[in-house]
Amino acid sequence: MKKINKISLFAKSIFILISLFFLFGIYLSIPVLFNYKSIENIIEKRFYTDFNINLNINGDIKYQLLPKPHLLISNSSLSIDKDSKESMSIDIDQLKVYLNSNNLYPKTKLNFEKLEIQQNNFLLKEKEYRILRNFFHTSEGKPIHIKKSKIFLLDDQNETLIISPLEKMVFSTSETDNFKKININGNIFDLDFKSRWKKEFNSKFESQIEIDLRDPNIFIKNILNYDNSTELQGSSIFKFLNHIIEINYQLKNNMIYIKSPANNNNIKIETKIELKPFYLNSNFTLSRQNLNFLIDELVFSILNLNSELVGNLNGDLKLSLINIEHEILKDGYLSFNVNEKSINLNKVIINLSDIGIIKSEISYDEEEGEIIFNSSNILTIENYRNFAKKFQLKQRKVSDLKKISFKIKKNITTGIISIFDININKSDDTDLSLVEKSYNIKNLQELKLIVKKIINN
C-alpha cells in the first residue's frame, strides 16, 4: 500500500511539472493571436524609449516564439536624430525586437530586451558616420545586434570607397562595469578581423578600440578623443612581424594628419590625407631593416596588393630607408603611386656608403611557379677612391670611371642571386667593357671578386 502511495505522489509531481510547462507554453503562445499592428504607435514609442532610435513601421508585425519570443517587423526604417540639423535613416527589411517574457501582452507595458538586424546593407557617408559616432558615444539604450550584413562607405558622389562585411556586431551599455561597448567580427579589405570598442560612462569623448587581424597577424590599439563632429585626435599602436609602430593622428578641416612620436622605433610614419577629394601623401621611414626582408617581403607585398584592397585610393607613398643592414648599401628611398586600384613603383634611389648613387627599376615575375625579383641598375660613382677601397681595387684603374650599369635577378624561393649585363662607362663616355656573362653571387666577397676581375681586365 505504501508503494502505491509513493508512485501516486511521483505521478502527481510529473503531472504538475507537465502542466506548468504546458501553461507556460500557452502563456508564450497566446500573443500570436494578438493584432500587434493595432498598437503600432505604442511599439514605436517603446522602441525609442529602449533604444534611443526612431522606428517607423511600414509593413507587418508578427509574433514569433522561437528561438525567444520576439516581434518580426517587416519593411521598417530606423532613424537617428543627432540634433535639429542632422539626421540619418536606414531601411530595414526584417527587424527582430526581442521581448521580455514578463511583458508579452499588448495590454501590459511592453518591455524590449534587444533588437536584431540580419542580412542588411548599410550605406554610410561622412554625415552618417558622424551621427553614428555621436550615437554610440551618447546613447545608453538596450543591446543592438547586427548579423551577416554589410557596411558600404560612400563618398559624396555615391562612389563606394570601402565594403566591410559584418558577421556579427553587438552594441551594449552596462552600468555594471561602467562601459559602453561594441564588439565586431567582420572583414575589411578581404582581411578577417575582430574589434572591441569601449568607452567609460563618465568619459565624454575619449574611447578605446582594439583590432585583431588574423592573417596577417596584426594587432592595433587605438585611443581616440574628439571635441566636436569635425575634429578628433588620438593615438594608435600597431604590432606586426615583430615590429611596433606608434602614431598620433588628428582630423581637422577635412584633413587627416598622421605622425609617429619621437622614439626609437624602427618604423615611423608621416602622412597627410585630404578627404575632399580623397588623396593620400604618406612617408614611411624604415630604419635598420634587412635587405632580404625589403626585397622578398615588403616591396613584393606592396606591388602585389589585391586591387580590391587598394580600392579607390589615390595618392603617393614613399618608403625612406635608413641604416640598411648591409655592408655597402646605406640608405635610400622608393616612391610609389596609388591610382585606379593599382600601385606602381615610380623611382628607386639607393645610396652606397660614400661611393655613389644607384638608380633602379624593379619588377617581379613568375617563372615556373617561382617568384623572381628583377632589377636594372645604374651606379653613378661620385667618389672613385672610396669605390676602389671598398672593392679592393687600384685607384688608377677606376679614377676615370663614371657609371656602371648592371642587372640583378633573385629567385625569391631559392634565394639564388645572379648579376649580368655589366657595362662600365668611363668619364669620357667610352665603354670600358660589356660583360653579358651571368655570375651567381652568394655573398659580398664574391661580388668584390667579380668586380675586381672585370675592372682589371
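Values quoted throughout were computed directly from the atomic coordinates according to the rules given, and no laboratory measurement underlies them. Keep in mind that this is a model prediction, so the values were computed, not measured. FYI the Cβ positions are ideal-geometry reconstructions off the backbone, even for glycines, and counts take in every protein chain you see.
Which value in nm describes the separation of the simple spin-label points at Lys330 and Asp156, placed 7 Å from the Cα toward the beta carbon?
4.7 nm
Which ³J(HN,Hα) values, rounded to whole Hz and listed in residue order, are derived for region 153-169 from phi using the Karplus coefficients 6.51, -1.76 and 1.60 in 6.51 cos²θ - 1.76 cosθ + 1.60 with θ = phi - 60°, glycine and proline given as x?
These are the phi-based 3J(HN,Hα) values: 8, 10, 8, 5, 9, 6, 7, 6, 8, 9, 10, 10, x, 10, 6, 7, 9 Hz.
Quick one: go through region 111-135 and flag any residue whose amide nitrogen is under 19 Å from the point 7 Å out along the Cα-to-Cβ line of Lys276.
124-134
Dividing the alpha-carbon radius of gyration of region 30-204 by 2.2 N^0.38 Å (N being the number of residues), what value is obtained? Walk me through the intermediate numbers first.
Working: Rg = 16.7 Å, N = 175, 2.2 N^0.38 = 15.7 Å.
After normalising by residue count via 2.2 N^0.38 Å, the value is 1.07.
At Leu72 and Asn383, where each label point lies 7 Å from the Cα along Cα→Cβ, what is the point-to-point distance in nanometres?
Once both label points are built, they end up 7.9 nm from each other.
Could you calculate the contour length gain from Thr49 to Asn248, that is, 0.36 nm times the residue separation minus the distance between their Cα atoms, to one decimal place in nm? Could you put the intermediate results ahead of the total?
Working: separation 199, 0.36 × 199 = 71.64 nm, distance 3.83 nm.
Result for the pair: 67.8 nm of gain on full extension.
Once amide H atoms are placed 1.01 Å from N in the peptide plane, what residues at a sequence separation of 5 or more from Ile188, or on another chain, have their amide H within under 5 Å of its amide H?
Excluding prolines and chain starts, which carry no amide H, the hits are Phe193.
Report the FRET efficiency, 1/(1 + (r/R0)^6), for Arg133 and Asn456, where r is their Cβ-Cβ distance and R0 is 51 Å, rounded to 0.05.
Values: r = 69 Å, r/R0 = 1.36.
The calculated FRET efficiency here is 0.15.
Explain nothing, just the number: dipole magnitude of region 109-162 about its Cα centre with +1 on each Lys and Arg Cβ and -1 on each Asp and Glu Cβ, in debye rounded to the nearest 20.
Working: 10 positive and 8 negative charges, 62 e Å.
Approximately 300 debye in magnitude.
Give the residue from Ile42, Tyr129, Ser164 lying farthest towards the positive end of the charge dipole for region 30-204; charges sit on Cβ (+1 for Lys and Arg, -1 for Asp and Glu) and the dipole is referred to the Cα centre.
Of the listed residues, the answer is Ile42.
Using the Cα centre of region 30-204 as the reference point, and only Cβ charges (+1 on K/R, -1 on D/E), how large is the resulting charge dipole? Debye, rounded to the nearest 20. Walk me through the numbers before you get to the answer.
On the way: 27 positive and 23 negative charges, 124 e Å.
It works out to roughly 600 debye.
Counting other Cβ atoms within 10 Å of each Cβ, which chymotrypsin sites (Phe, Trp or Tyr not before Pro) in region 204-288 have at most 16 and sit in a DSSP loop?
Here the sparse-neighbourhood loop sites are Phe205.
Could you give me the ³J(HN,Hα) list for region 410-421, computed from phi with Karplus coefficients 6.51, -1.76, 1.60 and θ = phi - 60°, whole Hz, x at Gly and Pro?
Listing the rounded values in order: 10, 7, 4, 6, 9, x, 6, 10, 10, 10, 7, 6 Hz.
What FRET efficiency do you get for Tyr364 and Phe205 if R0 is 41 Å and r is their Cβ-Cβ distance, rounded to the nearest 0.05? The partial results should precede the final answer.
Values: r = 45 Å, r/R0 = 1.11.
Approximately 0.35, to the nearest 0.05.
Give me a comma-separated list of calculated 3J(HN,Hα) values for region 138-146, in order, Karplus coefficients 6.51, -1.76, 1.60 applied at θ = phi - 60°, integers in Hz, x for any Gly or Pro.
10, 6, 10, x, 7, x, 10, 10, 10
Long-range amide H contacts for Thr413: which residues qualify at under 5 Å (H placed 1.01 Å from N, peptide plane, sequence gap of 5 or more or a different chain)?
Under 5 Å from the amide H of Thr413 lie the amide H atoms of Ile371, each far enough along the sequence or on another chain.
Can you check what the net charge comes to around Leu275, using other residues whose Cβ is under 14 Å from the Cβ of Leu275 (Lys, Arg +1; Asp, Glu -1)?
Working: positive: Lys125, Lys127, Arg130, Lys252, Lys272, Lys276; negative: Glu126, Asp155, Asp156, Glu159, Glu231, Glu274.
Net charge in that neighbourhood comes out at 0.
Quick one: which of 210-216, 400-406, 285-291 comes out on top by average Cβ neighbours within 10 Å, and what's the full order, highest first?
Output ranking for 210-216, 400-406, 285-291: 400-406, 285-291, 210-216.
If you compute Cα extents along the principal axes in Å for the structure shown, which of [x] 76, 47, 45; [y] 65, 51, 39; [z] 118, 69, 37 do you land on?
Only one listed value fits the structure, namely [z].
I want the local charge near Ala262. Using Cβ-Cβ distances under 14 Å, sum +1 for each Lys or Arg and -1 for each Asp or Glu among the other residues. Display every interim value, and only then the final one.
Values: positive: Lys259, Lys268; negative: Glu246, Glu270.
For residues surrounding Ala262, the net value is 0.
Restricting to Cα atoms and excluding each atom paired with itself, what does the Kirkwood estimate give for region 340-419 in Å? The partial results should precede the final answer.
Working: mean 1/r = 0.0688 Å⁻¹.
After inverting the pairwise mean of 1/r, the radius is 14.5 Å.
Whose amide H sits under 5 Å from the amide H of Leu161, counting only residues 5 or more places off or on another chain, with H placed in the peptide plane?
Leu153, Leu154, Asp155
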